[in-house]
1. What strands (runs of 3 or more DSSP E) lie completely within segment 13-93 and have 1 or more residues being within 16 Å of the ligand (Cβ to nearest atom), under 18 Å from the mean Cα position of the chain (by Cα) and farther than 19 Å from residue 145 by Cα?
2. Only one of these conditions is not met by residue 134: (1) touching a helix residue (DSSP H, G or I) at 6+ places or on another chain (Cβ under 9 Å); (2) within 16 Å of the ligand (Cβ to nearest atom). Which number is it?
3. Would you be able to say whether some residue in segment 214-225 is assigned to a loop (DSSP other than H, G, I, E, B), free of Cβ contacts under 8 Å to residues at least 40 places away in the same chain, touching a strand residue (DSSP E or B) at 6+ places or on another chain (Cβ under 9 Å) and closer than 22 Å to residue 8 by Cβ?
4. Looking at 235, 185, 254, which is the one that is within 15 Å of the ligand (Cβ to nearest atom), modelled with pLDDT of 95 or more, within 17 Å of residue 309 (Cβ to Cβ) and surrounded by 19 or more Cβ atoms within 10 Å (Cβ to Cβ)?
5. When segment 261-279 is examined, which residues are found to be in contact with a strand residue (DSSP E or B) (Cβ under 8 Å, 6 or more places away or on another chain) and within 12 Å of the ligand (Cβ to nearest atom)?
6. Scan segment 133-145 residue by residue and report those that are more than 20 Å from the chain's Cα centre (by Cα) and more than 11 Å from residue 6 (Cβ to Cβ).
7. Residue by residue through segment 231-256, note down the ones that are under 18 Å from the mean Cα position of the chain (by Cα) and farther than 15 Å from residue 323 by Cβ.
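The values are calculated or read from the model by the stated rules, or taken from the named source; none is laboratory data. The shown structure was predicted, so the numbers you read here are calculated from the model rather than taken from an experiment. Please note: Cβ atoms are built from the backbone with ideal geometry, for glycine as well, and neighbour counts cover all protein chains shown.
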Ligand code: UT7
């Protein structure tokens, strides 16, 4: 039986020009390169320039994804941006990307699930394709987390960075078997009781300000490995697959110790895990499409490879997607 599969046709990414090494933080904060590397694996991160906004990062990544896919902007019928750092409170960043790409048809909207945003966006884009609401969707993760940092808080300021990654997701025909290319299964979860562990202390309705990120890192860490392994296994099980079938894990890039711990819990060697956290820091919703695009540009994925992506972030919200390249 022929069915529709949402297949990744191309990927691209963009990083702001300014790259900040760990050593730069040691000049203003009581921290060190040694602490940051040993606790998080992060060595450097990119920071957006003044006047460079999330929509700009997203549009650069989208153009790169379109070029990689060999698809023209007017062949796109939806733009979805996962972000927690929009240019404006409204309208959606996705509409700005749409305008910057010269797209005047179709629809565009943002998804906010913080660091799990790209997983939620990919699952929603897949659902729209399966429901035949769109044939080709630009799915983007883009963030300027540097704008919501408290520069005096060493426990968060050293961890986050700016960037964007994008994919072109396209409706293609599949057989219905888990050997098909494309998105095979998604698993999404949220639990709002954990607000206090990771949030921004401002907002339109509450304070009328943008606010700064606050995190109980150790507590988030405690939830991360457990929940990521569980959601990853759930997504695989929905596609009748196991960890042994996985060719590549593309995890959210928050902390190398979380990435290692989750891989170990899944019984997967680090050789099969894409790691970019050392160069990007934690770019929240941008981290997975950035890692995916970097690995793709390095030629690491073969057609038909099984890729497992997973992320957790503020909410708490977490999830995983199993797809074939
Ligand atoms: O992407 C969204 C999800 N977020 C995450 O997944 C982040 C999850 N959490 C983490 O990645 C880790 O918990 C951190 C990297 C944030 C922190 O690592 P940790 O090993 O959990 O350290 P900790 O928070 O337990 O702090 C250990 C010590 C503390 O000092 P005391 O209380 O032991 O005296 C901190 O004050 O390290 C101190 N510390 C620092 N020292 C030097 C915290 N930040 C810094 C710093 N430089 N930048």
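1. Values: elements: 18-21, 44-47, 78-82.
Counting at least 1 such residues, we get no strands (runs of 3 or more DSSP E) at all.
2. The number of the failed condition is (2).
3. For segment 214-225, residues assigned to a loop (DSSP other than H, G, I, E, B), free of Cβ contacts under 8 Å to residues at least 40 places away in the same chain, touching a strand residue (DSSP E or B) at 6+ places or on another chain (Cβ under 9 Å) and closer than 22 Å to residue 8 by Cβ: absent.
4. Step by step, each of 235, 185, 254 is checked, and only 254 is within 15 Å of the ligand (Cβ to nearest atom), modelled with pLDDT of 95 or more, within 17 Å of residue 309 (Cβ to Cβ) and surrounded by 19 or more Cβ atoms within 10 Å (Cβ to Cβ).
5. Correct list: 262 only.
6. 133
7. 252, 253, 254, 255, 256
A quick yes/no check of all residues on (1) under 24 Å from residue 199 (Cα atoms); (2) free of Cβ contacts under 8 Å to residues at least 24 places away in the same chain; (3) out of contact with any strand residue (DSSP E or B) (no Cβ under 6 Å at 6 or more places or on another chain):
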site	(1), (2), (3)
2	no, no, no
34	no, yes, yes
58	yes, no, no
64	no, no, no
72	no, yes, yes
87	yes, no, yes
